[in-house]
Every structure is written in structure tokens, then in C-alpha cells.
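For reference, the structure is listed below as C-alpha cells.
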Amino acid sequence: MDTLSGTISRVLFFNEYTNYTVFHLDGESGSEVITGNFPQLSEGESVTVHGHFVEHKTYGKQFQAHSYEINVPTDEESLKKYLASGLFKGIGPALADALVTHFGTEVLDVIKSNPQRLTTVPKIGVKTAENIRISYAEQEKSREVMMFMQKYGISTSLALKIYKVYQDASIQIISQNPYRIIEDVIGVGFKTADKIAMALGIEPSSSFRVRAGVNHILSELYHNGDMYCEEDFLITKVAEMLDVDSDSVEDALVFLTKIGKIILCEMDENNVYYPLALYVAEVESAKRIARLSKNFYDLDMSFIHRIIDEYQHLYDITLHKSQRNAVCSCIVHGISIITGGPGTGKTTIIQCVLYILNKLGKTALLAAPTGRAAKRMSSACGIEAKTVHRLLEYSFSSEDKMMFAKNEDNLLEADCLIVDEASMIDITLLHYLLKATSSHMQLIFVGDIDQLPSVSPGNVLKDIIASRCVNVSHLDKIFRQSERSMIVLNAHRINTGRMPIIDNKSDDFFFVDAPLPTRAAQTVLDLCTERLTQYKNYDALQDIQVISPVKRGHTGVENLNVLLQEALNPPSPQKKEKKLLHDTLREGDKVMQIRNNYNALWTNIFSKQSGTGIFNGDIGIIEKIDAESKLISVLFEEERLVHYAFDEADQLMLSYAITIHKSQGSEFNAVIILVCEGYGQFLSRNLLYTALTRAKETAVLVGSRRIIEMMVKNNIAIHRKTALAERIQQEAAGE
């Protein structure tokens, strides 16, 4: 490894997101171009870098730094540049010159140890002297923290994140228990914290380490959708991962249970452990569902049927017997579920229920888990539907924790609440929703239990149905207006284990045989740039959505996004860009919000109304990238404009192609679905079914017939470890 020392003469590039920096370093042997991850550096600073020279294909010879030290400048010229670098509040070039002229090479010692002497320099008062002292102390402390963490293999970008959270206490906290950063610092997992702990010399059997290991395994299960974990499995898994004895794990479980971090329960004569929040959500949700299930409204059913007849006459529609029965049962039960595939009339039932409620003088609220689903519900029903979060009026506490204004002390005000796309609701959101529901409010969940379950823990819709304690209407008849749709017919064929009809004789469902990944990717490009745009005059960005089961590989989302960006929105001198860690965002790009941001401010460009909240899965177009103001402006759903600071850009990803999980709750005019070789565990029936049901007008499957057949045959249900159904049964029975 080579070492270079010198003074920074010019900073060429600095990325706020990654801390990737390019600068000129002037040393004894001349000027060199240095690249690497650094805290924000300034011209005039003296540094020593360790790394090696590389030959960049575009920029030539560079020195790639792996570690560094900040050196205190010793000569007067360097000191002037250092003090004038912008690091110190109140010092500009003129004052830096005056300070060095007055104190010489002792100037930094004066600032640090005798700041009162600064007032002997003309134009420096007591307040300015104190500001200079504080700025210098802050810089010195942050650099000390950076050097400490670098010594133990902590990257600069992570060190900066840690310092933002812990400030001056960083070294003390990291030295005592580095596993704290898993909970306190966003984006840090167990492996990173464990690597730091081992470098610090923390014992492998440390109680801090074992407790963190338990939480890590439970967290992995949480991300798989499970609510709990069996004791024997948990002990074995943690002991194997950490290479510690089972007694240490058992001690950790006892401690975490004692402080209430996890909850011990008995289930089927086995001990199981829940994270506290999930346990509370499941238990309380079961109680409230059981309570609502006992409500029954004794109405004059002949009157209800007359209203249904009136509705049919008014809208020139005839409800099937199964639809009429579903409407009637929803009107009289405290809690109901309407479930069925595409084309089975779920929306018609909602519309009729709303008509009856209005005739009965009752009020209703509409909600859905995603913005797109809520917008679609509003359009179909003619009244406003909100996301569940907006309905519950989310906000944040002083600790930056999400809270809802609507809760058990401030209930939702309506007679009935109808929630669409209920298969996407996880146990935590269900809990918050039920807490805001009064004991006499009617609750109707609408969804398709054959779609993928929620991304977060629980299997809410299936579990409530499985409890057999609530009113459920299963819809399986495809109605006349959908019978001509091969999308709908093939979705039902797939759902019942039959191969879809792929003879390309319909006008809405097509299959392109492209078994090789390279050919499949090229087919996707052809479809987006020419074939589909010519077929129905589709807009490549607004109307067409590419969906893949996987993120990586030639036909994975990551590679397809690169190819589609190049084809649909190539670089241009007229289009500004922002480089991120994994993507390059460009004006005109199609992007997706990849995590919930409840504080994001938006403005409706038509009504000029404003609000907060952009959610995981929302899709928009980049309108503008402003390097001067460091803002990225994104227009979501062609109406809501959101401005992102550059350091918030990691919330966005290219979305020309998205995963099937990310497509849940959305519909697109045209959908291209990748069904290629090499997907392994992703070959499942409900994955294909979910992808196909995203298409409103046109669906194109690209790939291999063999893979389609494998996916249709693979009906291994996604089994999640939940106990909501059993708890509802127990509560309903009064146990």
C-alpha cells in the first residue's frame, strides 16, 4: 500500500450521499488526483492518504485512497488556506490572513487553548472569538471520532452517519456496545455492527453480542413476514450463527423477555417468541375483530332489496345472486370480507353498498393501503378514498416516531369503513386502524386472498377468513363485461392450476417466446419503444410497466432499468443528472419512492392544495434536477409535486422495471411480465397471478413456456407464522 501526504489544492467532486470525493493533492512529488470516501474536505487542508494508484479508462492515473488522516498544517500559507476553507464559522480569507499574521504558526493553539487572545486581533470581538473556538472544537472532535472509527474498519460514510446520531459520545458508545447502532443508525445491520465489535476486541460470547444476535434472527423472520419464532429453532439458529453455546442464547432470551423486548408465549405446546410490538398488535387486533364480529344490524331486508332493485334500475345493471347476497350480508354484519379475483364484481358490490348506506342515512369512509389503490377506488366510487395512513392522520413525535391522530381517544367518525386491497395490510397497520374504529362502526375489507400477502409481518386477510368468525363473501363468477378479457380468464386459469391460453389470438393477452435472458431483455426494449406504443398508442412512461420476479440478473429489475433508461431517456446536454450509489437519476426518468416518507411535502399542481406523505411504491417522473438548490423535483401520479434534497435521493429508484412485490396495489394499462429461466425459488403460482392482475388492458408475458408451466404448477402456499386466526377464535368464544 502506498502513502501520499500533502495539501488539498482543489476539490473536484463531492457526493453528499456516498461521500465519494475527488481532489487534487499537492505534495513533494507534485500534484496527484485522489479518489475515495471522505468527510467533506476543504482546500488548504493537509492530509495523508493510504491506497494505491489505478488507471481510470477516462480520467487516467488516479490514487485510490482506502484510509486517511487529517494533518494539522504547520506552515503559515497552509494555515491561512485551512482557516479560510469554510470549516470554521466566522473566518473568511481576510480574517484568516489577519489571524496567521498576528499569531503565526501558533494560531491553532491559541484558538484551542486561549481563545480570549483572539480579541487582540482587529475586528474580532468576544462573540466572534467564541464562535471560532466552538467551530474549531467541533471540527477537532468530529475528526477525532472519524479517525477512531476508521482505525476499526468503519467506512467514512458509516462513521458520518454514526457521528450524526451520537455526536461527541460516539467513541464512548461504540467502544462499550457497538451493537447499539443496529437500532439507532438507519441502514446498519447485525453483520456491520458485529464486524466493528470484533475489530474492537469485544468477546464473541459477550451478552451484548448474543442479545443482538437474537434480535437479528427475529428481525430476519420479521422481514419474511413471520410474527414469531419457536424457541428451539431460535436458540439453534443464534448459537450456530455466533458460534456460542446454547446457554448463552437462553440467558439472552431470559434477559430480553425480562425487559419486555420480546414476549414468550406457548403455542401448540411449544415456547415461541414475539417482538413486543407484533405481539401487542396481534392480541389487540384479535380482540377488536372478535368484538366487531358480534355486531348484527336487524334491518328490514325487504326494504334493502327494494333499494338494490332501485340501484340496478338507476345504473342499468343486474347483480348476480352471489353479489346481491354479498351486499345484503355486508349491510347487516359488524365486520365483513369480500374476496375474489379480477372480474368477479368486487367494485360493483362496494358501489351498491355505498348507495344503500346513503339511502339509510349512514356515512362511509373509503381507504386503501397505497395511493394508487386509493385513487382508483375514488374514481370507481365517486367519493374520496384516502390511504390508510392519511385516514388515520399520521404525524411524528419529538423522537421522530410515527403516531396517528386517529386512535382510541379520537375515533374515526363514520358509520362504515370500507378498505380495498386488504391483502396488502400488515398486522401493525391493522392494529392502528382497528384502534381508531368505534365498537359500533361497520368494517368491510375487500381484497383478493390469492395475491401475495403484505410485505410486512402477518397474513391479515387470510387469517381473518381462516378464523371463521366473520362474515365472508367469496366471489368466483366472472361477469359478462370481463368474459371477453383473456387477462381475466387466464388469471383465473392460473389461480386454479391451469396453464393460461397463450395462442396470441386475443387482443389483450400475448406471449413472446424468448427463453434466453439476452433475447428477453431485448424483447422488452422492443415492446417499450415500438411494438406496444404502436399497438395502442401507449405512452412508454405513463402506460407501460415492466415487471420482473427478481432484482438481479440480466432480466432482473436492476439491469432492465439501466437498459430502459438508456432507450427511453438517454443522456442529453439538456437533461441534468444526479449520480447515486446504484443509479444515475436524470430529468425525465420514471422513478419510485422505495420507503414511506410521512413528512414529505407535496403540492397538487392543479388544485394548488398541499399535503404530506409519499409512500413506498408511489411512481412519478423527475421534472427537474437543480444543482444550485440541490433539489430533485418529482411529479407523482401526474399531479403531486415533491421536492427532494440531494441527501434524500436514496428514497428514489428507477422504476421503468419493478418487482412483482412492488407492483402490488397498482394497475397499469399495459404490463410486460418476465418469465425467464433461472429464477429458482421465485417460480410460484401466486407470484404470476399477482403480476398478471396488475394489467388493465394489455398483458405480455416474455420468456419461456416451460417457466410459465413451472410457476402454474408450483402452488406452495406462503406459510407465515401467525396466530391471528386462533386468537380471534378464542376471543369470539370468550376464552
Restricting the range 450-471 to residues that are out of contact with any His (no Cβ under 9 Å at 6 or more places or on another chain) and in a loop (DSSP other than H, G, I, E, B), the residue that is surrounded by the most Cβ atoms within 10 Å (Cβ to Cβ)
Gly458
Would you mind stating whether Ile134 is hydrophobic (A, V, I, L, M, F, W, C), in contact (Cβ under 8 Å) with a residue 12 or more places away in the chain and in contact with a helix residue (DSSP H, G or I) (Cβ under 8 Å, 6 or more places away or on another chain)?
no
So Leu264 ticks every box in (1) assigned to a helix (DSSP H, G or I); (2) modelled with pLDDT of 95 or more but one. Which box is left unticked?
(1)
Which of the residues that make up the range 351-369 are of a type outside the set (Phe, Trp, Tyr) and open to solvent by 10 Å² or more (accessible area, probe 1.4 Å)?
Gln351, Leu354, Asn358, Lys359, Leu360, Gly361, Lys362, Thr363, Ala364, Leu365, Pro369
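From the list Gln574, Gln593, Gln609, Gln545, exactly one residue is polar (S, T, N, Q) and under 30 Å from Ser704 (Cα atoms). Which is it?
Residue meeting the stated conditions: Gln545.
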List the residue pairs whose Cβ atoms are under 6 Å apart, where the first residue sits in the range 180-191 and is farther than 20 Å from Ser207 by Cβ, the second is open to solvent by 80 Å² or more (accessible area, probe 1.4 Å), and the two are 6 or more positions apart or on different chains.
Val185/Lys161
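Mind checking whether some residue in the range 108-127 is hydroxyl-bearing (Ser, Thr, Tyr) and in contact (Cβ under 8 Å) with a residue 24 or more places away in the chain?
From the range 108-127, those hydroxyl-bearing (Ser, Thr, Tyr) are 113, 119-120; that's our starting set.
From what is left, the residues that are in contact (Cβ under 8 Å) with a residue 24 or more places away in the chain are none.
Scanning the range 108-127, I find no residue that is hydroxyl-bearing (Ser, Thr, Tyr) and in contact (Cβ under 8 Å) with a residue 24 or more places away in the chain, so the answer is no.
Considering only the range 596-605, I want to know if a residue exists there that is farther than 21 Å from Ile186 by Cβ, at pLDDT below 90 and among the polar types (S, T, N, Q). Before you say what the answer is, go through the steps one by one.
Residues of the range 596-605 that are farther than 21 Å from Ile186 by Cβ, as a first pass: 602-605.
Within this subset, residues satisfying the condition of being at pLDDT below 90 are none.
Within the range 596-605, not a single residue is farther than 21 Å from Ile186 by Cβ, at pLDDT below 90 and among the polar types (S, T, N, Q).
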Can you name the number of the only condition in (1) touching an Asp or Glu at 6+ places or on another chain (Cβ under 7 Å); (2) under 28 Å from Thr428 (Cα atoms) that Pro204 fails?
(2)
Quick check on the range 646-655. Is at least one of its residues crowded, with 19+ Cβ neighbours inside 10 Å and either among the small types (Gly, Ala, Ser) or without any contact (Cβ under 8 Å) to a residue 24 or more places away in the chain (or both)?
yes
Unmet criterion (only one of (1) in contact (Cβ under 8 Å) with a residue 12 or more places away in the chain; (2) open to solvent by 20 Å² or more (accessible area, probe 1.4 Å); (3) within 30 Å of Leu357 (Cα to Cα); (4) among the polar types (S, T, N, Q)) for Asn270
(3)
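Anything in the range 161-198 that is aliphatic (A, V, I, L, M), assigned to a helix (DSSP H, G or I) and out of contact with any Ser or Thr (no Cβ under 6 Å at 6 or more places or on another chain)? List them, or say none.
If we filter the range 161-198 for residues that are aliphatic (A, V, I, L, M), which is where we start, we get 162, 165, 169, 171, 173-174, 181-182, 185-186, 188, 193, 196-198.
Narrowing the set further to residues that are assigned to a helix (DSSP H, G or I) leaves 162, 165, 169, 171, 173-174, 181-182, 193, 196-198.
Correct list: Val165, Ala169, Ile171, Ile173, Ile174, Ile181, Ile182, Ala193, Ile196, Ala197, Met198.
Return the only residue of Leu79, Leu99, Leu83, Leu41 being among the aliphatic types (A, V, I, L, M) and modelled with pLDDT under 80. Even if it seems obvious, please write down each step before you answer.
Details: Leu79 fails: modelled with pLDDT under 80; Leu99 fails: modelled with pLDDT under 80; Leu83 fails: modelled with pLDDT under 80.
On inspection, the qualifying residue turns out to be Leu41.
Can you find a residue in the range 393-405 that is on the phi > 0 side of the Ramachandran plot and open to solvent by 50 Å² or more (accessible area, probe 1.4 Å)? Walk me through how you get there before you give the answer.
Pass one, the range 393-405, residues on the phi > 0 side of the Ramachandran plot: 393, 400.
Right, trim to open to solvent by 50 Å² or more (accessible area, probe 1.4 Å) and you get 393, 400.
Yes, that holds for at least one residue.
Which one of Phe479, Phe509 is under 33 Å from the mean Cα position of the chain (by Cα) and either under 18 Å from Gly343 (Cβ atoms) or in contact (Cβ under 8 Å) with a residue 60 or more places away in the chain (or both)?
Numbers: Phe479 fails: under 33 Å from the mean Cα position of the chain (by Cα).
Exactly one residue qualifies, and that residue is Phe509.
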If we ask which residues in the range 278-300 are under 18 Å from Ser336 (Cα atoms) and open to solvent by 60 Å² or more (accessible area, probe 1.4 Å), their number turns out to be 5
Odd one out for Pro39, checked against (1) open to solvent by less than 70 Å² (accessible area, probe 1.4 Å); (2) part of a strand (DSSP E or B); (3) touching a residue at least 60 places away in the same chain (Cβ under 8 Å):
(2)
Restricting to the range 137-148, name every residue that is among the small types (Gly, Ala, Ser) and in contact (Cβ under 8 Å) with a residue 60 or more places away in the chain.
Ser142
For the range 63-103, name all the residues that are open to solvent by 70 Å² or more (accessible area, probe 1.4 Å) and aliphatic (A, V, I, L, M).
Val72, Ala94
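Of all residues in the range 273-302, which are closer than 20 Å to Ile728 by Cβ, of a type in the set (Ser, Thr, Tyr) and either part of a strand (DSSP E or B) or in contact (Cβ under 8 Å) with a residue 60 or more places away in the chain (or both)? Show your work before the answer.
Quick first cut of the range 273-302, residues closer than 20 Å to Ile728 by Cβ only: 274, 277-296.
After this cut, where a residue has to be of a type in the set (Ser, Thr, Tyr) as well, the list is 274, 279, 285, 293.
Scanning the range 273-302 gives Tyr274, Ser285, Ser293.
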Return yes or no: is Lys362 of a type in the set (Lys, Arg), part of a strand (DSSP E or B) and touching a strand residue (DSSP E or B) at 6+ places or on another chain (Cβ under 9 Å)?
no
Could you tell me how many of the residues in the range 303-345 are among the small types (Gly, Ala, Ser), surrounded by fewer than 19 Cβ atoms within 10 Å (Cβ to Cβ) and not in a helix (DSSP H, G or I)?
0
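For the structure I just gave you, tell me whether Lys575 is of a type outside the set (Ser, Thr, Tyr) and more than 30 Å from Ser454 (Cα to Cα).
Details: of a type outside the set (Ser, Thr, Tyr): yes; more than 30 Å from Ser454 (Cα to Cα): yes.
Yes, satisfied.
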Answer from Glu639, Glu623 - the residue that is open to solvent by 40 Å² or more (accessible area, probe 1.4 Å), modelled with pLDDT of 90 or more and acidic (Asp, Glu):
Glu623
Ala373, sole failed condition from (1) in a helix (DSSP H, G or I); (2) closer than 28 Å to Gln664 by Cα; (3) open to solvent by 60 Å² or more (accessible area, probe 1.4 Å); (4) not charged (D, E, K, R):
(3)
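Residues that are within 30 Å of Ser205 (Cβ to Cβ) and surrounded by fewer than 17 Cβ atoms within 10 Å (Cβ to Cβ): does the range 104-115 have at least one?
For the range 104-115, residues within 30 Å of Ser205 (Cβ to Cβ) and surrounded by fewer than 17 Cβ atoms within 10 Å (Cβ to Cβ): absent.
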Which pairs do you get when a residue that is farther than 24 Å from Gln150 by Cβ, found in the range 49-61, comes within reach of a residue that is open to solvent by 40 Å² or more (accessible area, probe 1.4 Å) and aromatic (Phe, Trp, Tyr), reach meaning Cβ atoms under 8 angstrom, with the pair 6+ apart or on two chains?
Lys61/Phe53
Going through the range 129-158 one residue at a time, which ones are more than 30 Å from Leu95 (Cα to Cα), open to solvent by 30 Å² or more (accessible area, probe 1.4 Å) and either at pLDDT 75 or above or in contact with a Lys or Arg (Cβ under 7 Å, 6 or more places away or on another chain) (or both)?
Phe148, Lys151, Tyr152, Gly153
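Against the definition (closer than 30 Å to Ile124 by Cβ, within 38 Å of the chain's Cα centre (by Cα) and modelled with pLDDT of 85 or more), how does Val33 come out, yes or no? Steps first, answer last, please.
Numbers: closer than 30 Å to Ile124 by Cβ: no; within 38 Å of the chain's Cα centre (by Cα): yes; modelled with pLDDT of 85 or more: yes.
For Val33, the condition - closer than 30 Å to Ile124 by Cβ, within 38 Å of the chain's Cα centre (by Cα) and modelled with pLDDT of 85 or more - is not met.
The values are calculated or read from the model by the stated rules, or taken from the named source; none is laboratory data. Bear in mind the structure is a predicted one, so any value in this text is a computation, not a measurement. FYI the Cβ positions are ideal-geometry reconstructions off the backbone, even for glycines, and counts take in every protein chain you see. Surface areas here come from the heavy atoms of the whole protein model, side chains and all, with no ligands, DNA or RNA. Shrake-Rupley method; radii C 1.70, N 1.55, O 1.52, S 1.80 Å.
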